[in-house]
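Everything on this sheet refers to the single structure shown next.
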Amino acid sequence: MKNKITIIIALFLVSIGVNAQIDRSKQPKPGPAPKISLENPKEFKLKNGLKVLVVENHKLPRVAFNLTMDRPPVVEGNKSGMSSLLGSMLGNGTTHIAKDEFNEEVDFLGARISFSSSGATARTLSKYSERIIELMADAAIYPLLTEEEFQKEKNKQIDGLKTMDKNVAAIAGRLGPALAYGLDHPYGEFMSKESLDNVTLTDVKGFYKDHFNPNNAYLVIVGDVDYKKIKKQVHKYFGKWESSNYKYPVIPTEKSNVSQTEIDLIDMPHAVQSNISLTNNVNRKISDSDYFAVLIANKILGGGFDSYLNMNLREAHGYTYGARSSVGVDKYTSSRFSAGASVRNEVTDSAIVQTLKEIDRIKKEPVEADALKNAKAKYVGDFVLSLENPSTIAYNALTVKVNDLPSDFYATYLKKINAVTAADVQRVANKYFKSENARFVVVGKGSDILENLEKTGIPVKYYDTYAKPVAKPNYDIAIPSDMNVQKVLNNYIKAIGGRAKLDKVNSVLIKAEAELQPGMMIQMEMKKTATNQFMQDLSMMGNSVSKQVLDGNTGYVVAQGQKKDMTPEEVKKVQAESSPFPEVNYLNQDVKLEKIEKVEGENTYKIEVSDELSVFYSVDSGLKLKETRTMGKTSQSIFYKEYKDVTGIKFPFRMTQTMGPRNIDFIIKEIKVNEGVSDADFK
């Protein structure tokens with residue numbers, strides 16, 4: 001025991017001595033810059049043209065395979081979607097192994113194999129590497145391209161396009177390249193239902209034969225392998241792959257940048273946010289001498305949390321959750337500079353002005369020393385961390401090869417990053433951030449944002465969601481002189497069944513479900529009564545995740561297992577919506593008929609129920625089509641569709657709720673009127 005005490009005292013004294021030598025009033029000096037040591041890959045080439053790079057790394061018993069097609073982009077024209085369909089079909093079995101058997105074996109080995117129309121990746125433990133490379137080669141050389149799988153994948157793509165047509169972010173992602181490059185450029189064209197309908201299985205097989213072949217391909221192998229053994233395996237399994245004689249056509253010339261800054265407005269009447277993106281084409285290659293200066297300039301402008309754009313639009317003004325910028329590189333054609341964010345409708349114009357302000361700032365004002373230092377430090381940290389991922393090593397090795405870069409390109413990467421000066425940043429910002437020749441692609445609710453966009457003084461042009469020019473929309477639709485809020489509400493009540501039937505309803509039970517993501521369902525149960533009782537329960541896999549209960553004048557909320565009583569203000573809000581048919585209550589409230597506004601192409605009467613809630617009723621049918629609720633800086637909408645009769649009253653059987661950039665479709669599974677509800681449900 002005495003010896004133990006002596007040791008403890010000795011350690012205590014040593015610790016005091018160490019602390020005494022540290023001057024905590026001075027910031028510690030930074031350690032030496034990390035030294036990057038990257039092994040050059042060993043290379044060989046098959047007779048069919050497949051080029052193979054191997055990097056041995058025996059630190060962990062795992063292997064990564066990366067198959068990449070190095071080919072120019074091609075125009076798919078009126079059959080746009082061939083490449084996407086091919087990518088979705090590759091890797092789902094082979095002519096030798098059925099789809100289920102193929103997937104089950106990959107899962108059993110704890111591996112991953114994924115394909116696209118431009119390559120494939122695989123990850124596995126090294127002891128299974130030969131079998132995985134065999135499966136990967138079999139799927140690449142002998143894909144199972146059947147009519148059944150083709151039709152299944154085509155239907156999926158078409159369903160996805162239907163969802164995309166209501167998604168502001170997706171439309172913005174489609175329109176930005178289309179307007180920048182032009183619809184006849186491979187980077188500007190996009191899939192549509194019409195183009196997919198034109199594609200046949202023969203087209204997909206033809207695309208595979210012409211474009212998925214070894215003479216265009218690189219195979220990069222990184223991990224716990226023996227070079228001699230893996231070389232034999234590659235020859236054995238990939239040597240059977242036949243090359244192609246396809247001659248790639250000249251890439252169409254992209255559109256020129258605009259002569260002056262313009263706003264290209266795409267009207268999305270249901271949008272609760274605007275997606276703004278400034279874009280201009282740039283000619284930039286990874287081999288350019290100013291490649292590293294552009295990385296740092298973009299990091300400072302919009303490449304991180306403390307960037308110019310994010311600190312302005314998010315932190316200073318609260319317009320958005322995040323603002324970003326990027327500058328692409330491309331071996332074959334031009335790429336794009338872009339900068340933007342998703343912002344609230346009412347600040348769309350202000351966000352555009354502030355975005356231009358920050359781009360102007362980095363072009364005219366030398367970046368401060370601390371900002372430059374921090375940008376470099378973050379790039380260094382990100383780069384060093386990325387080297388822990390085998391896929392990064394594979395990507396780096398491939399990048400050097402396909403771009404004909406010096407073999408020490410990544411070994412000297414940090415040195416070149418740290419050599420960037422403030423003058424370099426300002427120079428490349430003026431070269432690539434062409435805000436004076438850029439288009440602001442704005443996807444949003446035109447009726448809310450156009451008037452203020454015009455006040456910016458920037459010319460506005462108009463396009464539909466397929467990048468076709470259209471005339472300036474007319475949002476000033478006159479309300480008929482004999483129409484008032486009472487008539488709108490009564491028309492709705494009449495359209496769903498009439499006041500006499502609604503007055504006989506004491507309670508309503510509604511059950512619905514929605515798919516949050518493939519295989520993940522959420523269930524909703526809602527109960528309402530005519531006596532200020534309300535209950536809504538959201539659950540997943542049988543477990544409640546959120547619940548609201550109101551029983552007259554008191555209520556509570558349960559979320560993540562925590563129960564909280566409603567405040568008097570919250571009770572009042574829920575009471576307003578607790579009736580099976582709130583419109584009956586609206587007749588006796590101070591609600592306002594604001595204007596006529598389009599909802600998904602249909603004219604509606606917009607009624608302002610409160611500062612937070614607006615409801616939209618079809619001019620033609622009288623039915624309720626939409627509700628929008630504003631909560632602080634965010635808005636959420638619910639779209640009501642597919643009305644069906646239940647006991648003589650019409651109810652919507654599909655409710656689409658916006659959740660930021662996403663739409664969630666609740667499909668009604670059951671509605672009961674005057675049954676299935678008791679007072680116990682509200683306790």
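Scanning the stretch 106-122 for residues that are buried (at least 16 other Cβ atoms within 10 Å of the Cβ) and in contact with a helix residue (DSSP H, G or I) (Cβ under 8 Å, 6 or more places away or on another chain) returns 106, 109, 111, 113, 115, 116, 117, 118, 120, 121, 122. Of the residues that sit in the stretch 575-611 and are modelled with pLDDT under 90 and in a helix (DSSP H, G or I), which one is farthest from residue 682 (Cα to Cα)? Of everything passing the filter in the stretch 575-611, 585 is farthest from residue 682 (Cα to Cα).
Restricted to strands (runs of 3 or more DSSP E) entirely inside the stretch 628-683, those with at least 1 residues that are exposed (fewer than 13 other Cβ atoms within 10 Å of the Cβ), more than 27 Å from the chain's Cα centre (by Cα) and in the same structural domain as residue 616 (by TED's automatic domain parsing) are 634-646, 662-673.
Here residue 622 passes the criteria (1) modelled with pLDDT under 95; (2) not in a strand (DSSP E or B) except the one numbered (1). Residue 97 meets each of the listed conditions (1) within 29 Å of the chain's Cα centre (by Cα); (2) in contact (Cβ under 8 Å) with a residue 12 or more places away in the chain apart from (1).
So is residue 223 of a type in the set (Gly, Ala, Ser), touching a strand residue (DSSP E or B) at 6+ places or on another chain (Cβ under 7 Å) and farther than 27 Å from residue 465 by Cα or not?
Answer is yes for this residue.
Looking at the stretch 141-158, can you tell me whether even one residue there is of a type in the set (Val, Ile, Thr) and either more than 30 Å from residue 274 (Cα to Cα) or more than 26 Å from the chain's Cα centre (by Cα) (or both)? Checking the stretch 141-158: at least one residue is of a type in the set (Val, Ile, Thr) and either more than 30 Å from residue 274 (Cα to Cα) or more than 26 Å from the chain's Cα centre (by Cα) (or both).
Criterion applied to 235, 270 was being over 17 Å from residue 132 (Cα atoms) and either touching a residue at least 60 places away in the same chain (Cβ under 8 Å) or buried (at least 20 other Cβ atoms within 10 Å of the Cβ) (or both), and the one residue passing it is 270.
Within the stretch 433-457, track down each residue that is under 16 Å from residue 280 (Cα atoms) and more than 25 Å from the chain's Cα centre (by Cα).
Residues satisfying the conditions are 434, 436, 437.
Results for (1) touching a Leu at 6+ places or on another chain (Cβ under 6 Å); (2) assigned by TED's automatic domain parsing to the domain that holds residue 379; (3) acidic (Asp, Glu), shown as yes or no for each residue.
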residue: 414; (1), (2), (3): no, yes, no
residue: 421; (1), (2), (3): no, yes, no
residue: 426; (1), (2), (3): no, yes, no
residue: 436; (1), (2), (3): no, yes, yes
residue: 452; (1), (2), (3): no, yes, no
residue: 459; (1), (2), (3): no, yes, no
residue: 475; (1), (2), (3): no, no, no
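If you check 357, 401 for being of a type in the set (Lys, Arg) and either touching a Cys at 6+ places or on another chain (Cβ under 7 Å) or more than 26 Å from residue 426 (Cα to Cα) (or both), only one passes: 401. The set of residues in the stretch 91-129 being polar (S, T, N, Q) and not in a loop (DSSP other than H, G, I, E, B) consists of 94, 103, 114, 116, 121, 124, 126, 129.
Close Cβ contacts (under 7 Å, 6 or more residues apart or on different chains) running from residues in the stretch 289-302 that are in the same structural domain as residue 409 (by TED's automatic domain parsing) to residues that are in a helix (DSSP H, G or I) and hydroxyl-bearing (Ser, Thr, Tyr) comprise 294/432; 295/379; 296/379; 299/379; 300/308; 301/308; 302/308. Scan the stretch 138-170 for residues that are surrounded by 21 or more Cβ atoms within 10 Å (Cβ to Cβ) and within 19 Å of residue 342 (Cβ to Cβ) and report the count. Looking only at that region, the number is 1. Against the definition (modelled with pLDDT of 95 or more and β-branched (Val, Ile, Thr)), how does residue 158 come out, yes or no? So residue 158 does not fit the description; no. Considering only residues in the stretch 184-211 that are of a type in the set (Gly, Ala, Ser) and in a loop (DSSP other than H, G, I, E, B), the one that is surrounded by the fewest Cβ atoms within 10 Å (Cβ to Cβ) turns out to be 192. I'd like the residue in the stretch 197-242 that is hydroxyl-bearing (Ser, Thr, Tyr) and over 36 Å from the mean Cα position of the chain (by Cα) and, out of all such residues, is nearest to residue 404 (Cα to Cα). Per the criteria, the residue is 227. The set of residues in the stretch 462-491 being buried (at least 17 other Cβ atoms within 10 Å of the Cβ) and among the hydrophobic types (A, V, I, L, M, F, W, C) consists of 467, 485, 488, 489. Filtered by the rule that a residue be under 28 Å from residue 520 (Cα atoms) and of a type in the set (D, E, K, R), the stretch 638-683 gives 641, 642, 644, 654, 662, 665, 669, 670, 672, 681. Applying the condition of being without any contact (Cβ under 8 Å) to a residue 40 or more places away in the chain and over 35 Å from the mean Cα position of the chain (by Cα) to the stretch 243-257 and asking which residue is nearest to residue 39 (Cα to Cα) yields 244. Would a scan of the stretch 470-486 turn up a residue that is part of a helix (DSSP H, G or I), over 26 Å from the mean Cα position of the chain (by Cα) and modelled with pLDDT of 95 or more? Taking every residue of the stretch 470-486 in turn, at least one turns out to be part of a helix (DSSP H, G or I), over 26 Å from the mean Cα position of the chain (by Cα) and modelled with pLDDT of 95 or more.
Looking only at residues of the stretch 429-461 that are of a type in the set (Asp, Glu) and under 20 Å from residue 347 (Cβ atoms), we find that the one that is surrounded by the most Cβ atoms within 10 Å (Cβ to Cβ) is 448. Within the set 189, 134, the sole residue that is among the acidic types (Asp, Glu), modelled with pLDDT of 95 or more and touching a Ser or Thr at 6+ places or on another chain (Cβ under 6 Å) turns out to be 189.
The values are calculated or read from the model by the stated rules, or taken from the named source; none is laboratory data. Nothing here was measured: the structure is a model prediction, and the numbers come from that model. For neighbour counting, all protein chains shown are included, and Cβ atoms are generated from backbone atoms with ideal geometry for every residue, glycine included.
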